[in-house]
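The values are calculated or read from the model by the stated rules, or taken from the named source; none is laboratory data. Note that the structure is predicted; figures quoted are calculated from it, not measured. Cβ placement follows ideal geometry from the backbone for every residue including glycine, while neighbour counts extend to all protein chains displayed.
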Amino acid sequence: MNEVAGLRYIKNKCKMLPLILFLQLQYSYVLPLTLNSLGCWTDVTLSRAIPTMEGTDPTLSGSYRHRTDAIQKCARVALARNYEVFGIENSGWCASSANARSTYKKYGNSTNCAANGEGGMFALQVYEIIGKMVFGQTEIELASNKQVVDGNLMYKTCLSAIPFKVRATATPSDQNSPLRFNVTIVDIQRYSVFVTLKRIDQDTGWDKMP
């Protein structure tokens, strides 16, 4: 069951005008990942065995040496780009590409990888991703026969994992409706996604109720 709380409504000076608002949540999530180690391999700074992904995703921003769960974060970014192989170097540096499987052995094997699985100085700990990205969507019919101004909404998702990417939109069923809405994602959890709904169109003769 979906829950809606804190909604405010607007009305025409004479009467309520009917509206059915559809909110659509599009999401993707990763089924439990299995990582198969492909060994420890030498890397060279001037011409990397696998190109870096550092700074190309918010998950991979900041100092890689202070990054928590570096292996899982690198794996998830790689998987989101449909890359099957990635490498971790020097305590968190993340590298991957579409052809990483054919390039990671470029400089031969290495014995400099640390026991924590996060590689070493000029040493890539390489992994193969065994997992699957799942895509889906859910739609909620909201506020039939009422004009929604703003409010909070909780989608019940019941997914197998925390969503990796989420996008939410709100569209009136009547394409001629002047109402437009912005949906902001507030919090993402495994079984629910919280969003804020706000009207963003220009006010054209509608009165907002207190």
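Numbers below:
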| item | result |
| --- | --- |
| Residue tally, condition surrounded by 22 or more Cβ atoms within 10 Å (Cβ to Cβ), closer than 17 Å to ALA70 by Cα and under 30 Å from the mean Cα position of the chain (by Cα), over segment 94-117 | 3 |
| Residue in segment 29-37 that is under 27 Å from VAL134 (Cβ atoms), at pLDDT below 90, β-branched (Val, Ile, Thr) and out of contact with any Leu (no Cβ under 7 Å at 6 or more places or on another chain) present | yes |
| Flag if LEU25 is surrounded by 15 or more Cβ atoms within 10 Å (Cβ to Cβ), in the same structural domain as ALA168 (by TED's automatic domain parsing), modelled with pLDDT under 65 and among the aliphatic types (A, V, I, L, M) | no |
| Some residue of segment 68-90 being at pLDDT 95 or above and at positive phi | yes |
| In segment 195-210, the residues that are among the hydrophobic types (A, V, I, L, M, F, W, C) and either modelled with pLDDT of 70 or more or in contact with a helix residue (DSSP H, G or I) (Cβ under 7 Å, 6 or more places away or on another chain) (or both) | VAL195, LEU197, ILE200 |
| In segment 41-60, residue surrounded by the fewest Cβ atoms within 10 Å (Cβ to Cβ) [restricted to those that are touching an Asp or Glu at 6+ places or on another chain (Cβ under 8 Å) and part of a loop (DSSP other than H, G, I, E, B)] | ALA49 |
| Some residue of segment 68-86 being surrounded by 18 or more Cβ atoms within 10 Å (Cβ to Cβ), in contact with a strand residue (DSSP E or B) (Cβ under 9 Å, 6 or more places away or on another chain), closer than 14 Å to GLU128 by Cα and of a type in the set (Gly, Ala, Ser) | yes |
| Some residue of segment 74-97 being among the polar types (S, T, N, Q) and closer than 17 Å to CYS113 by Cα | yes |
